[in-house]
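Read the structure below first, then the notes.
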Amino acid sequence: MIAHNAKDSCDLGDKRNWRSRTSAHVRMGGMAFQIDAAPEFRLQCIENKIEWIDIFLLTHGHSDHVMGMDDLRRFIDLRGGEALPVYSTPEGLKRVSEVFPYAIRPKPEFKGYPAFALELMPEQLTTSAGTVSMTYLPHGRVEVMGLVFEEAETGKKLAYYTDCKRLTPKAKELAQGADVVVLDALRPMPHPTHMTLHEAIEAAEELGARETYFTHMTYMIDHARDSRRLPKGMAFAHDGLSVQV
């Protein structure tokens, strides 16, 4: 267990503690999948040289995951004005429709505008690159998409479980044998809708992946200080982190 004083905070002299809101970009079998669009999404794309997106996956409709979606307009331009497929939960699709009604169309209203083709995420999305399996995770009043990517050519497997209070039996089953797991680990103190760091560590130990990365941390997590206390094979994610599976 990792115990903290409530006054603990992160060292802002360490660049890894300067955290934008959570987005992730997955390249699998020649395809590019974008998970969520934080309010800082445009800057994240510039800093990480994100140049193409085939499919957008919205885990849920909370503002820290959806409010960067207008900046997907650049990727619609690159597609020649073809709407970008957006997969999500019923709650997520409803939120996108409410926030971006001008973008729900097969083509942009004007050149340079966004256009989204909304699709309900199936339990398994099959693409030429491989499969993306989905299971619902509890997150307060909403359910969040937990995502497991399995590359067709290599069989490599990535589980991405952000914004959840716990892992369901189905989520644990899907993540078995994953090479890399990403888990929500908000803070040391209990929270009603997110896993604490201790709960995330316990979940990681149960899944037993070769590498586990914790994400969605608050200022109460200091990268250097708390990394020294993590079990082997576990680490904190940080802005700009790139992992080869």
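Of the residues L147, L72, which is touching a residue at least 40 places away in the same chain (Cβ under 8 Å), open to solvent by less than 30 Å² (accessible area, probe 1.4 Å) and in a helix (DSSP H, G or I)? Quick ask: steps written out before the conclusion?
Details: L147 fails: in a helix (DSSP H, G or I).
Going through L147, L72 in turn, the sole match is L72.
What's the total number of residues in segment 186-195 that are of a type in the set (A, V, I, L, M) and under 17 Å from H62 (Cα atoms)?
Here is the first cut: in segment 186-195, the residues of a type in the set (A, V, I, L, M) are 186, 189, 195.
With under 17 Å from H62 (Cα atoms) added as a condition, the list becomes 186, 195.
Of the residues in segment 186-195, 2 are of a type in the set (A, V, I, L, M) and under 17 Å from H62 (Cα atoms).
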- Could you list, in sequence order, all residues of segment 194-245 that are at pLDDT 95 or above, polar (S, T, N, Q) and either open to solvent by 30 Å² or more (accessible area, probe 1.4 Å) or closer than 19 Å to F149 by Cα (or both)? T212, T215, T218, S227, S242
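Which residue is least open to solvent (accessible area, probe 1.4 Å), if the candidates are limited to segment 82-114 and must be touching a helix residue (DSSP H, G or I) at 6+ places or on another chain (Cβ under 8 Å) and among the basic types (K, R)? Show your work before the answer.
To start, the set of residues in segment 82-114 that are touching a helix residue (DSSP H, G or I) at 6+ places or on another chain (Cβ under 8 Å) comprises 82-84, 86, 88, 92, 95-96, 99-100, 103-104, 108-109, 111-114.
Applying the additional criterion that residues be among the basic types (K, R) yields 95, 111.
Working: R95: 84, K111: 182 Å².
Per the criteria, the residue is R95.
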- Which of (1) in contact (Cβ under 8 Å) with a residue 12 or more places away in the chain; (2) under 18 Å from the mean Cα position of the chain (by Cα); (3) in a loop (DSSP other than H, G, I, E, B) does T212 not meet, given it meets every other one? (3)
- Query: Within segment 179-193, restricting attention to residues that are in contact with a Ser or Thr (Cβ under 7 Å, 6 or more places away or on another chain) and not in a loop (DSSP other than H, G, I, E, B), which residue is most open to solvent (accessible area, probe 1.4 Å)?
  - Reply: V182
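For segment 19-53, how many residues meet the condition of being of a type in the set (A, V, I, L, M) and farther than 19 Å from A129 by Cβ?
Our first condition is that a residue be of a type in the set (A, V, I, L, M); within segment 19-53, this holds for 24, 26, 28, 31-32, 35, 37-38, 43, 46, 50, 53.
Of the ones still in play, those that are also farther than 19 Å from A129 by Cβ are 37-38, 43, 46.
Number of matching residues: 4.
Could you list all residues from segment 159-178 that are assigned to a loop (DSSP other than H, G, I, E, B) and open to solvent by less than 30 Å² (accessible area, probe 1.4 Å)?
Residues of segment 159-178 that are assigned to a loop (DSSP other than H, G, I, E, B), as a first pass: 162-168, 176-178.
Within segment 159-178, T162, D163, C164, L167, T168, A178 meet the criteria.
Filter segment 13-69 for residues that are of a type in the set (A, V, I, L, M) and in a loop (DSSP other than H, G, I, E, B); which is farthest from V148 (Cα to Cα)? Working first, answer last.
Going residue by residue through segment 13-69, those that are of a type in the set (A, V, I, L, M) are 24, 26, 28, 31-32, 35, 37-38, 43, 46, 50, 53, 55, 57-58, 66-67, 69.
Filter again for in a loop (DSSP other than H, G, I, E, B), leaving 37-38, 50, 53, 58, 67.
Working: A37: 18, A38: 20, I50: 21, I53: 18, L58: 14, M67: 24 Å.
Top of the filtered list is M67.
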- Task: Just name the residue that is surrounded by the most Cβ atoms within 10 Å (Cβ to Cβ) out of those in segment 51-69 that are among the β-branched types (V, I, T) and over 12 Å from the mean Cα position of the chain (by Cα).
- Result: I53
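The values are calculated or read from the model by the stated rules, or taken from the named source; none is laboratory data. None of these values were measured; they are calculated from a predicted model. So basically every Cβ, Gly included, is an ideal-geometry build from the backbone, and we count neighbours across all protein chains shown. Heads up: the accessible areas ignore ligands, DNA and RNA and are worked out on the full protein's heavy atoms, side chains in. Shrake-Rupley method; radii C 1.70, N 1.55, O 1.52, S 1.80 Å.
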